[in-house]
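See below for the structure under consideration.
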Amino acid sequence: MTGTHARLAIRADGDSRLGFGHVIRCAALAQALLDAGHALIWFSQTPHAIPASLASRIEVRPIPAGGDTDGSLLPALTDARIDGLIADWQITDAPLCAQLRRAGFWLALVGNHHSNAEADLYIRQGFEPTQTGALMQVCDGREHILLAPDYASRPPRTIRPQAQRLLISLGGSETPVLEAVLAALDNLPELEGVMIDIKRAAPGTTALPEAGLLAELCAADIAILGAGTTLHEAAATGLAAIALPIAANQRERARQFAALGLGLSLDPTATGFAEDLRQALRGLLEAPARRQALARASEAAVDGRGADRVASRISYLVSATQTQLNSTISRTAAGPAA
């Protein structure tokens, strides 16, 4: 590490099976770390999922399937001579984390499901902070949501008296919930004259669209969204949204979204879901004042600068760790005091 600039590694994957939220949020953090002067290497089983504009600025090292568990990741990190690892895994492997820390790697974990894995920093992603141990280093809550720079400090959303566009996007992974949504909205009279923009996950997709959904989120008046990373993006743009958790790890985020008054949340597995969805959508279509209230609440909650805050915390912690390590090495080399 030179001065306060570290050589850091990111470990994250994304495709139509996993979804792309893990890559999107790590890419946002990577941009903030690059802007802070750090060097980055991205280890991935799906290197084509990394946005091309980012991949051109960092070193990308493909790893084979099973690379996290077959013992090959540790020597790869050692060979890369990194100061710290930022890992985003759908399921964190606690034994691997312990192995990495025993080998002397500073470790940060991104996401909310770390099981009993131990790290130097936990970067949680949600609208509300979660209860943590007193000694844990945590970036948590809406001020630490990882979003691309284009989502930072956007102008207030203009609310049209009559909704003209509905965006439907349930994330980058394949889900049968989309067909249930489309069936529920089929021939809904209130949608007459409303343009419906449907984003589907194509089976086998390996590449992340460079522009993401920013343009679509800004153009829409209302959205029906999965409760993943796109829900954070919608909040930053002030878009009135109905959140549908399509995976167990999205339920708490959807609950927080509704509880804070940022939008609505429905359970797509509940009896009567179709009618609940129609009623919720009618309520937004017919009430521009409601859409404006949701917009102002969302814009106030999520300012889009979370990646910069997390990058600053990482810079401080990695530097402090390296300073402590150098001090220990110096004392050891000097031998016992006379």
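For the stretch 9-87 versus the stretch 261-309, the spacing of their alpha-carbon centroids is 32 Å.
When only alpha carbons of the chain are considered, Rg and Dmax amount to 21.5, 88 Å. Of the accessible area of the stretch 242-310, computed with a 1.4 Å probe over protein heavy atoms only, carbon and sulfur atoms account for 50 percent.
Residue-wise HN-Hα couplings along the stretch 247-256, as the Karplus relation 6.51 cos²θ - 1.76 cosθ + 1.60 with θ = phi - 60° gives them from phi, are 9, 4, 6, 9, 5, 5, 5, 5, 4, 4 Hz; Gly and Pro carry x.
Among 123-129, 24-30, 177-183, sorting by the average number of other beta carbon atoms lying within 10 angstrom of each residue, highest first, gives 24-30, 123-129, 177-183. How many percent of the accessible area of the stretch 7-135 is carbon or sulfur, using a 1.4 Å probe? So the carbon and sulfur contribution to the accessible surface is 50 percent.
The residues packed around Leu264, meaning those with a beta-carbon under 12 Å from its beta-carbon, carry a net charge of +2 if Lys and Arg are +1 and Asp and Glu are -1. Probing with 1.4 Å while keeping every protein chain in the model, the per residue accessible area of the chain equals 46 Å². Around the amide H of Ile196, modelled in the peptide plane, lie the amide H atoms of Leu166, all under 5 Å away and 5 or more residues distant in sequence or on another chain.
The values are calculated or read from the model by the stated rules, or taken from the named source; none is laboratory data. Please read these numbers as outputs of a predicted model, since none were measured by experiment. Positions of Cβ are generated from backbone atoms using ideal geometry, with glycine treated the same way; all protein chains shown enter the neighbour counts. Ligands, DNA and RNA are excluded from the accessible area calculation, which covers all protein heavy atoms including side chains. Shrake-Rupley method; radii C 1.70, N 1.55, O 1.52, S 1.80 Å.
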